[in-house]
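Everything below concerns the one structure shown next.
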Amino acid sequence: MGRFLTMAWRNVWRNWRRTVIAVIAIALGLALMLVFDGMLGGMNQALYGNTVKLQGGHVQVHALGFREKANRMPLLPLVDPRAAAEAALAEPEVVAVVQRIETGGMVSNREGTMAVVITGIEPEQEAAVSLVAENVVQGRYLEANDEDVLLIGQSLSERLELTVGDRVMLVGRATHEQMRRRTMTIIGIYDLGIKEVEERLVYISLLEAQTLFDLRDQATEVAVHLERVGQEPPVVKRLQAALPGYEVDAWDTLDPTTKQMMELEAQVMSLFGLIILLIAGVGILNLMLMAVFERTREIGVLAAMGLKRWETMVLFLLEGVLIGLLGALAGSLLGGAIAAYFGRVGLDFMALYGGIDVAEFGELIGLMGDRIYFRIGMSVLLGRALTVAIIAALASLYPAWQASRREPAEALHYV
């Protein structure tokens, strides 16, 4: 096999211009795929990572019985929220753990009434992982000892014509379906650019929630924030073993719709990548067919010297594989370098649209931010490169078979 490999390598560079053109075509196709992979990975991490933050963390710990009543947001206090938080903090992937109380309720004033989700939070701990904390546009963010104050969204403030300092009636569902109400002062208004979120989510301090809903020193949820989306399965498995008296769920278990969107995006990207690979494969097929016809006399000489048909086929097949490997290597280096660069400095999302009005993308930008930081794993890069090499080998099969079928006498007289 070493002899055939040496011959194939020499043949590849005998017409170096043709080889360089083929390698460039394959490399550009692979680099384009890797750039889109990196962009999609960065968008997913930002878009879904921030969605997860708004939903209460990558992993959530609740009391037994919560899962089957999750849609009703039941107030089921945890037996020992501090112990659950300490168990989560022991996991290496965890960047923050917060305790919460969450329930359904209403906010009302003279202008109307809006149904909302009331969330009692630990302001200092939440600030490090909260989109809301960094997007307060009026007033201020919550503090741990705040009482009788409410943080609301920009859209809710517009619907009810509220501003900082105004007072509203907050009604929330406590344990045993009891309703608790309290007059609250608007302490701050946040603006995420996401109307649905801003109308629905309001925040009070955990201390205030414990008092209002008669849950002294208790919490109904421990939210666990990880470094990135995708790390949930092993963390959930270990926490389920460490916390047998609790329900531990990843965000995609509680919100399967978002996960389905991610899977659909991955399928679309895979289809796009397959199209690029097929185009590269057609290029290799065309290249190898041209090589077979150009080297007909050479094939005849090799056959006359005793080269068997299967050996001729192996020789041409190796040439195609070598070209594919060279293209895969060059494409991996180019695509990896581009992805690494934009992973460090980011790509201005707004610049992609030039002078186009991007108001319609407000919710997307609110979740994703105005810059995309590319993310691509080594496994994705190697998988793409290997696929290109395999496509190159498959594209070389037919030309190699054609070369092996040449009759020596006929090939030697070929002009």
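Below, the figures for the structure above:
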{"quantity": "Residue count for segment 137-177, restricted to those that are within 16 Å of VAL117 (Cβ to Cβ) and assigned to a strand (DSSP E or B)", "calculated": "9"}
{"quantity": "Residue ID - modelled with the lowest pLDDT, chosen from residues in segment 103-121 that are under 30 Å from the mean Cα position of the chain (by Cα) and surrounded by 19 or more Cβ atoms within 10 Å (Cβ to Cβ)", "calculated": "THR103"}
{"quantity": "Test: residue in segment 113-134 that is under 17 Å from THR163 (Cα atoms) and part of a strand (DSSP E or B)", "calculated": "yes"}
{"quantity": "Selection count, segment 38-56, where residues are closer than 14 Å to GLY230 by Cβ and of a type outside the set (A, V, I, L, M)", "calculated": "7"}
{"quantity": "All positions within segment 21-43 that are under 11 Å from the mean Cα position of the chain (by Cα), more than 23 Å from ALA133 (Cβ to Cβ) and not hydrophobic (A, V, I, L, M, F, W, C)", "calculated": "ASP37, GLY38, GLY41"}
{"quantity": "Qualifying residues in segment 44-81 (those that are polar (S, T, N, Q) and modelled with pLDDT under 90) - the one farthest from the chain's Cα centre (by Cα)", "calculated": "ASN71"}
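Per-residue answers, yes or no, for (1) touching a helix residue (DSSP H, G or I) at 6+ places or on another chain (Cβ under 8 Å); (2) assigned by TED's automatic domain parsing to the domain that holds LEU212; (3) on the phi < 0 side of the Ramachandran plot; (4) crowded, with 22+ Cβ neighbours inside 10 Å:
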| site | (1), (2), (3), (4) |
| --- | --- |
| ALA84 | no, yes, yes, yes |
| LEU142 | yes, yes, yes, yes |
| VAL149 | yes, yes, yes, no |
| GLY153 | yes, yes, yes, yes |
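The values are calculated or read from the model by the stated rules, or taken from the named source; none is laboratory data. Since the structure is predicted, the reported quantities are computational estimates derived from the model, not experimental observations. Note that we place each Cβ from the backbone using ideal geometry, even for glycine, and neighbour counts take in every protein chain shown.
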